[in-house]
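What follows is a structure written as C-alpha cells; I'll ask about it next.
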Amino acid sequence: AVPLAFGQTIEGSLCACDQRDPVEPRCYSDAYVFSGTAGQTISIAMNSSEFQPYLTLYKKENSTDMTMLIQNGRFTSILPATAVIGRYVLPQTGMYMIIASSTIFDAVGSYSITVNQPSESTPFDPQI
C-alpha cells in the first residue's frame, strides 16, 4: 500500500497488473494507507476522466486483518467522475487503508486521490 498524507494528491492508475478489489474481485484496485486519530474528521475524493471511481475505507487491525468502515458516500456518474467519502469521523486511533477502484468491471485508466481534514466551517466540496 502507498502512504497518503493529509492534503496530498496522488496521481495513480488502475491497470490489469493491479490487485483485485477485496469486495468486488472483478474490479482492479490500488491501496493507500494513512494514520488517523479517534474523532478526527476526514474527507476522501477520487477523480477520473476515464472510469467511474469507487472508494472503500478500512481500519487496519494488524498486518493482515482489516475492518470495512464505509464505501462511497456519493459519486458522480458523468465523466469526468468523482467518488467521495465526505466528513467521516474516524472511530479509533491507528492505521487506515483506502481501496481505490471502479464501479465498472476490469476498468483501467488514470485517476487522482486526496484525503483531507475539512474544517467544520468549510462547506462540503466533493472535489476537495
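What are the pairs with Cβ atoms under 6 angstrom where one residue, in the stretch 41-55, is at positive phi and the other, located anywhere, is small (Gly, Ala, Ser) and open to solvent by 30 Å² or more (accessible area, probe 1.4 Å)? Sequence gap at least six, or different chains.
Taking only residues 6 or more apart or on different chains, not a single pair turns up.
Looking only at the stretch 1-39, count every residue that is in contact (Cβ under 8 Å) with a residue 24 or more places away in the chain, loosely packed, with under 13 Cβ neighbours inside 10 Å and in a loop (DSSP other than H, G, I, E, B) and tell me the total.
Total satisfying the criteria: 8.
Would you confirm, using the coordinates I've provided, whether residue 56 is open to solvent by 10 Å² or more (accessible area, probe 1.4 Å) and hydroxyl-bearing (Ser, Thr, Tyr)?
no
Quickly run through the stretch 40-50 and pick out the residues that are among the polar types (S, T, N, Q) and either open to solvent by 20 Å² or more (accessible area, probe 1.4 Å) or over 19 Å from residue 69 (Cα atoms) (or both).
Listed by number, the residues that qualify are 40, 41, 47, 48, 49.
Still on this structure, please answer the following. Quick one: in the stretch 68-99, which of the residues that are closer than 11 Å to residue 48 by Cα and small (Gly, Ala, Ser) is most open to solvent (accessible area, probe 1.4 Å)?
Across the stretch 68-99, the extreme among qualifying residues is 77.
The values are calculated or read from the model by the stated rules, or taken from the named source; none is laboratory data. The structure displayed is predicted, hence computed values, not measured ones. Virtual Cβ from ideal backbone geometry, glycine too; neighbours counted across all protein chains shown. When the accessible area is computed, the model is the full protein with side chains, heavy atoms only, and any ligands, DNA or RNA have been set aside. Shrake-Rupley method; radii C 1.70, N 1.55, O 1.52, S 1.80 Å.
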